[in-house]
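K.L.:
Below you'll find the structure I mean.
The values are calculated or read from the model by the stated rules, or taken from the named source; none is laboratory data. Remember, it's a predicted structure, so these values are computed and weren't measured experimentally. Neighbour counts are summed over all protein chains in view; Cβ atoms, including those assigned to glycine, are modelled from backbone coordinates with ideal geometry. In case anyone asks, the SASA skips ligands and DNA or RNA and just uses the protein heavy atoms, side chains included. Shrake-Rupley method; radii C 1.70, N 1.55, O 1.52, S 1.80 Å.
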Amino acid sequence: MSGPLALLDSASLYFRSYFALPDSMTAPDGTPVNAVRGFADTVARILTERKPSRLVACMDADWRPAFRVKALPSYKAHRVADPVNNIEEVPDTLTPQVPIILDLLDAVGLATAEAAGYEADDVIGTLAHRETTHPVEVISGDRDLFQVVRDEPTPVSVVYVGRGWAKAEVLGPRELAARYDLPPENSGPAYADMALLRGDPSDGLPGVTGVGEKTAAKLITRFGSLEGLLAAAAAGDKLVPLRVKTALSDAAAYVAAAPLVVRVAVDAAVTVDRPDAVPAAPRDLDRVRALQETWDLGASVDRLLAALAAAGN
């Protein structure tokens, strides 16, 4: 039986590697490589433990897409380091490591994907939505991607590593429904609607005042969707508490704009750089070894190669 399609939320994974490992891990020229090593080890663990037959490392072509900022100017605004060029504030020692990660993936022969004007979440949402052959596992430390879980036409689950790989959780529709008290028949879309109402300060989403996570989940479960809730509120349904009606009215502009921001795209023009089958051997072993030596990646590359060899057997 073939394994799943693994979709990696690459930025989430290499950010976590960067903060989990000391930046005293450096190449001979002094370039920090903690994120590279950690990311390589993470990919090795994914190959070994999740056993995917296909894998795509999904990248941000635009970390703060214009269409989302137009809809909601506060979206990720607090993370902007250069407003003119829309550059994200990231640690100076992480930025130089991303090209090394891409070089390593290319040399190994693992696919990467992006879509102009979209975030990695949208790439994942689109590839998951398109998949009709294999089960899909999304590997991420970002709860925003819980919204992509489904049962049909092929199951999609999220391997959530927000608390580290040792405490990874696999969430499908039923697990997500149980965790947040959401309807199991549409827990993915319901999660997105709940998150919209709840808000997320880390993404610049104010939410609806006075509507926390539990209240949001109850409302979405009761009315089926954000649209159902809004229709009930507009019709004067007594099942919508007065304070919620007032809060929704006060936040009407946000509630109208936020779906475009919160919900991942499923129709992005995704470009995948190569076939996504996990290769039986590295595409260019000499180049892999050269990268290992140049950047002093040590045992992390050895573990990645070993995981690749095991996956090919």
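K.L.:
So is residue 237 more than 30 Å from residue 121 (Cβ to Cβ), in contact with a strand residue (DSSP E or B) (Cβ under 8 Å, 6 or more places away or on another chain) and either modelled with pLDDT of 95 or more or open to solvent by 50 Å² or more (accessible area, probe 1.4 Å) (or both) or not?
P.N.:
Criteria not met by residue 237.
K.L.:
Something else: Are any residues in region 32-71 of a type in the set (Val, Ile, Thr) and touching a Ser or Thr at 6+ places or on another chain (Cβ under 8 Å), and if so, which ones?
P.N.:
Passing the criteria: 33, 36, 42, 56.
K.L.:
Would you please name the residue that is least open to solvent (accessible area, probe 1.4 Å), looking only at residues in region 281-303 that are of a type outside the set (D, E, K, R) and either touching a Pro at 6+ places or on another chain (Cβ under 9 Å) or closer than 26 Å to residue 149 by Cβ (or both)?
P.N.:
288
K.L.:
Within region 173-188, is even one residue open to solvent by less than 60 Å² (accessible area, probe 1.4 Å), more than 27 Å from residue 6 (Cβ to Cβ) and not aliphatic (A, V, I, L, M)?
P.N.:
yes
K.L.:
Any chance you could count how many residues in region 88-118 are more than 25 Å from residue 44 (Cβ to Cβ), touching a residue at least 24 places away in the same chain (Cβ under 8 Å) and either open to solvent by 10 Å² or more (accessible area, probe 1.4 Å) or over 18 Å from the mean Cα position of the chain (by Cα) (or both)?
P.N.:
Selection size over region 88-118: 4.
K.L.:
Also: Any idea how many residues of region 149-161 are open to solvent by 20 Å² or more (accessible area, probe 1.4 Å) and in a loop (DSSP other than H, G, I, E, B)?
P.N.:
Adding up the residues that qualify gives 4.
K.L.:
For region 162-196, enumerate the residues that are part of a helix (DSSP H, G or I), over 14 Å from the mean Cα position of the chain (by Cα) and among the aliphatic types (A, V, I, L, M).
P.N.:
Across region 162-196, the qualifying residues are 166, 176, 177, 178, 190, 194, 195, 196.
K.L.:
Sticking with this structure for a sec: If you check every pair at least six apart or on different chains, which have Cβ atoms under 8 Å apart with a residue in region 154-170 that is in contact (Cβ under 8 Å) with a residue 24 or more places away in the chain first and a residue that is of a type in the set (A, V, I, L, M) and in a loop (DSSP other than H, G, I, E, B) second?
P.N.:
Note: pairs meeting the criteria are 156/149; 159/168; 161/168.
K.L.:
Let me ask you something else. Could you grab me the full set of residues in region 248-280 that are surrounded by fewer than 18 Cβ atoms within 10 Å (Cβ to Cβ) and assigned to a loop (DSSP other than H, G, I, E, B)?
P.N.:
266, 267, 269, 273, 274, 275, 279, 280
K.L.:
Being touching a residue at least 12 places away in the same chain (Cβ under 8 Å), in contact with a Lys or Arg (Cβ under 9 Å, 6 or more places away or on another chain), assigned to a helix (DSSP H, G or I) and within 30 Å of residue 102 (Cα to Cα): is that true of residue 229 here?
P.N.:
Taking the combined requirement at face value, the residue does not satisfy it.
K.L.:
Next up: For region 17-40, give me each residue that is surrounded by 21 or more Cβ atoms within 10 Å (Cβ to Cβ) and charged (D, E, K, R).
P.N.:
Selection gives 37 alone.
K.L.:
Here's a follow-up. Within region 126-144, work out how many residues are in a loop (DSSP other than H, G, I, E, B) and either of a type in the set (A, V, I, L, M) or surrounded by fewer than 18 Cβ atoms within 10 Å (Cβ to Cβ) (or both).
P.N.:
4
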